[in-house]
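Here's the structure we're looking at; comments come further down.
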Amino acid sequence: MNVEETIAWIHERTKFGIRPGLIRIDEILNRLDNPQNKLKTVHIGGTNGKGSTTTFLRCLLEEQGLRVGTFTSPYVECFNERIAINGEHISDERLVELVAAIKPIIDDMDTVESLKNAVEFEILTAIMFQYFLDEKVDIVLVEVGLGGTYDCTNVITPLVSAITTIGYDHVDILGDTIEEIAAQKAGIIKENVPVVVGKVEEAAFEVISAYAKKMNSPVFRYQEDFTSKYIQPDSEWGEVFNYRSNELDLSHVVISLLGKHQVDNASLAIRMYELISKELELPLSSKDIVKGLKKAFWPGRMEKISDEPLIVLDGAHNDHAMKVMVNNLKTEFKGQHIHAIFGALSTKDISAMVKDLTSVPNLDLRVTAFDYPKAFTKEQYEELGLTAFTDWREALAESLKELTGDDLILVTGSLYFISQVRETLLGGN
């Protein structure tokens, strides 16, 4: 198979839907001689913030000269970016080779009732572990796909675990209370492995804390065991903050990602880095930390893709992420006129997300369908009483006509939507 056929074969496995459970991934990995057990790993779960936290941590570890593997989802620029070493995506050639090696295993499993129908994410997870072992990386940062307990990445015993945030998403699978969702996320906590916990409400923290106690795992809670203090937006693009823990006291740290929540994500990454440094006997240098954080970049997260006109992309793909983004808009772009273009998946609470977005002063909203199987359609938007576009390009053209002065065009919603807009406007760059 060539690379197009290879990716098509992987994507075809999505027809089996989302299948929580470890039976199939355990079987695949057993047949590959369990590459995951031969790697040093870090496990990052949570509703939102996983990707940015992973990026910050990668940049901190790279600053020490390490080869850092990352496994993230979904992709924004290209499929291969989900599996990367020091930010460099897996090559088409290696992807083809690894699928050629794993396909016979999957074909054989498909003949066994209890093992058949392995899904895309399970196959990618196995490919990722094998690739990073072959490439002899120093450490692998593994982002949880969905939930925690039954997510197929939950086959590792990491050096450190993290739970970034807890919000309502995938309630059909994870449960419809914060406590139920927190219990699923807490499932990644392993015995005696420290867990870093981000900004979560008390009810969620109690669940996580109780599980960690049962597993004899030290808990480091944000704004209690380590703290940050937001200072101001950076004059170029980003944020400035102070960070403090028992080991570090950092002043005026600058990050290039915009939004107060990125200070939270960066703070979690620093605390994880401290714990990893202790484990791997890496030097803890304030200068290296400041330098590493400044380099972090994550596409589609309050990403400025044009100055004139000012166009920003943000994948606020669920209600929790939308609330965070709305808060950012009210503080970072106060007084500016915002032309928002929104496209999302039908699996999300669209009316709640639209309600949040329209609470921003001086904001005009245009909703749109886009080319993706589960995308909310023009007709579905109209059922909610919204005037909708069939194609986002038309919505963008209308917004551009109305632009004046320092207006902002914001493209937001599903990461699949953001990805399509980004590819068109940047030409894949």
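The values are calculated or read from the model by the stated rules, or taken from the named source; none is laboratory data. It should be emphasised that the depicted structure is a prediction, and the values quoted were computed from it without experimental measurement. Ideal geometry is used to build each Cβ from the backbone, glycine not excepted, and the neighbour counts take in all protein chains shown. All accessible areas refer to the heavy atoms of the entire protein, side chains included, with ligands and DNA or RNA removed. Shrake-Rupley method; radii C 1.70, N 1.55, O 1.52, S 1.80 Å.
Scanning region 400-418 for residues that are open to solvent by 10 Å² or more (accessible area, probe 1.4 Å) and either among the aromatic types (F, W, Y) or free of Cβ contacts under 8 Å to residues at least 24 places away in the same chain (or both) turns up K401, Y416.
In this structure, is K295 open to solvent by 50 Å² or more (accessible area, probe 1.4 Å) and in contact with a helix residue (DSSP H, G or I) (Cβ under 8 Å, 6 or more places away or on another chain)? The answer is yes for K295.
Once region 249-265 is narrowed to residues that are open to solvent by 30 Å² or more (accessible area, probe 1.4 Å) and out of contact with any strand residue (DSSP E or B) (no Cβ under 7 Å at 6 or more places or on another chain), the residue that is farthest from M322 (Cα to Cα) is D249.
Results for (1) surrounded by fewer than 23 Cβ atoms within 10 Å (Cβ to Cβ); (2) of a type in the set (D, E); (3) touching a Lys or Arg at 6+ places or on another chain (Cβ under 6 Å), shown as yes or no for each residue.
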| residue | (1), (2), (3) |
| --- | --- |
| P309 | yes, no, no |
| A321 | no, no, no |
| N327 | yes, no, no |
| Q336 | yes, no, no |
| G343 | no, no, no |
| D371 | yes, yes, no |
| A388 | yes, no, yes |
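When each of S217, S209, S161 is tested for being among the polar types (S, T, N, Q), in the same structural domain as I25 (by the TED database) and touching a Gly at 6+ places or on another chain (Cβ under 8 Å), the lone residue that passes is S161.
When region 100-128 is filtered for residues that are open to solvent by 50 Å² or more (accessible area, probe 1.4 Å), among the small types (G, A, S) and either assigned to a loop (DSSP other than H, G, I, E, B) or closer than 16 Å to K15 by Cα (or both), only S114 remains. Quick one: which residue in M128, M109 is of a type in the set (A, V, I, L, M) and out of contact with any strand residue (DSSP E or B) (no Cβ under 6 Å at 6 or more places or on another chain)? Of M128, M109, the one residue that is of a type in the set (A, V, I, L, M) and out of contact with any strand residue (DSSP E or B) (no Cβ under 6 Å at 6 or more places or on another chain) is M109.
Exactly one residue out of T331, T358 is over 21 Å from Q262 (Cβ atoms) and either touching a strand residue (DSSP E or B) at 6+ places or on another chain (Cβ under 6 Å) or not assigned by the TED database to the domain that holds V68 (or both): that is T358.
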